[in-house]
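Novice: The structure under discussion is supplied below as structure tokens; questions concerning it will follow.
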Amino acid sequence: MTETTTTEPQPLQSRLPNPAVLVPELGEIGGALFRATGNGSVPAATISLVQLRAGQIVGNTYLTVLHTGNLRRAGGSEERITAVASWRNAPCFSPAERAALALAEAVFTPSPHGERVPDELYAQASAHYDDKALATLVMALSQIGFFIPLALVGKPLPGVSPAEQWRN
């Protein structure tokens, strides 16, 4: 007779404790990035679209859940939220949103052909966004780029309050 052991399922927890407690300056950086991307020059829904797409590209559930919620709070419909992963053939995005999504893909996807953001893509984006809005869009990409390593390494729990995302 073989002996079987049952183990209790372990509660999910992040790898790291709350990094904002470990490195308090993180709150200042995050706050500054949030203020910069929330300056009103780019719609909040567009910011959320590109950040959701970046989370999808890097394959991180925490980031996709977080930015899905942000997009929903910015008024994004379920159709648009679902279509972000296949935005190129989805009819629900404006030309400006398509330019922003193309920029996000170019920034977060390695290019075997050299330059990630070719002049044609920059021209496409700048046709829809003035200099301030384009800089803000780039800051939105920078904002998620800043937090990607923390999400990938620290593995905060998706879909729970910030107080519950990190292990004690």
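Novice: Rounding to the nearest 10 and keeping the result within 0 to 90°, find how far the Cα-based axis of helix 25-37 lies from the longest principal axis of the chain.
Specialist: Once rounded, one gets 30 degrees.
Novice: Right, another one. Checking the a/c ratio against 1.5 first, then a/b against b/c, what shape does the Cα gyration tensor give for segment 82-133?
Specialist: It is oblate, given that a/c is not under 1.5 and a/b is not larger than b/c.
Novice: Would you mind checking segment 125-168 for residues with the amide N under 12 Å from a putative spin-label position 7 Å along Cα→C-beta of residue 21?
Specialist: Output list for this probe position: 163-168.
Novice: Something else about it: Please compute the length gained on full extension between residue 90 and residue 28, using 0.36 nm multiplied by the number of residues separating them and subtracting their Cα-Cα distance.
Specialist: Using 0.36 nm per residue and subtracting the Cα-Cα distance, I get 18.6 nm.
Novice: May I ask you to give the percent of accessible area on segment 34-168 that is carbon plus sulfur, with a probe radius of 1.4 Å?
Specialist: Carbon with sulfur: 58 percent of the solvent-accessible area.
Novice: Please list 21-33, 124-136 highest first by mean number of surrounding beta-carbon atoms within 10 Å per residue.
Specialist: 124-136, 21-33
Novice: Starting from 0.36 nm per residue, how many nanometres of slack lie between residue 153 and residue 41 once their C-alpha separation is accounted for?
Specialist: This chain segment gains 37.1 nm when fully extended.
Novice: Sort the following peptides by mean Cβ neighbour count (other Cβ atoms within 10 Å, averaged over residues), highest first: 83-94, 150-161.
Specialist: Per-residue mean Cβ counts within 10 Å order the peptides as 150-161, 83-94.
Novice: Something else about it: Classify segment 51-121: rounded, prolate or oblate, from the alpha-carbon gyration tensor (a ≥ b ≥ c, eigenvalue square roots; a/c under 1.5 rounded; otherwise prolate if a/b is larger than b/c)?
Specialist: Taking the square roots of the gyration eigenvalues as a ≥ b ≥ c, segment 51-121 is oblate.
Novice: Continuing with this model, one more query. Sum -39500 (n - 2.57) across every DSSP H segment of at least 4 residues in the chain, then divide by the residue count to get the 222 nm mean residue ellipticity, nearest 500.
Specialist: Per the formula, -18500 deg cm²/dmol.
Novice: With a/c under 1.5 counting as rounded, go ahead and sort segment 9-79 into rounded, prolate or oblate using the C-alpha gyration tensor (a ≥ b ≥ c being the square roots of the eigenvalues; past the cut-off, prolate if a/b is larger than b/c, else oblate).
Specialist: The shape class here is oblate.
Novice: For segment 80-168, what is the accessible area per residue in Å², given a 1.4 Å probe and the full set of protein chains?
Specialist: Heavy-atom accessible area per residue stands at 54 Å².
Novice: Also: Could you pull out every residue, at least 5 positions away or on a different chain, whose amide H is within less than 5 Å of the one on residue 167? Hs are placed 1.01 Å off N in the peptide plane, and Pro or chain starts have none.
Specialist: 14, 16, 18
Novice: Shifting gears a bit: Around residue 155, which amide H atoms from residues at least 5 apart in sequence, or from another chain, sit under 5 Å from its own amide H, with H modelled in the peptide plane?
Specialist: 15
The values are calculated or read from the model by the stated rules, or taken from the named source; none is laboratory data. Here the structure is a predicted model, which means the values were calculated and not measured. Cβ: placed from backbone, ideal geometry, glycine included. Neighbour counts: every protein chain shown. With ligands, DNA and RNA removed, areas are computed over all heavy atoms of the protein, side chains included. Shrake-Rupley method; radii C 1.70, N 1.55, O 1.52, S 1.80 Å.
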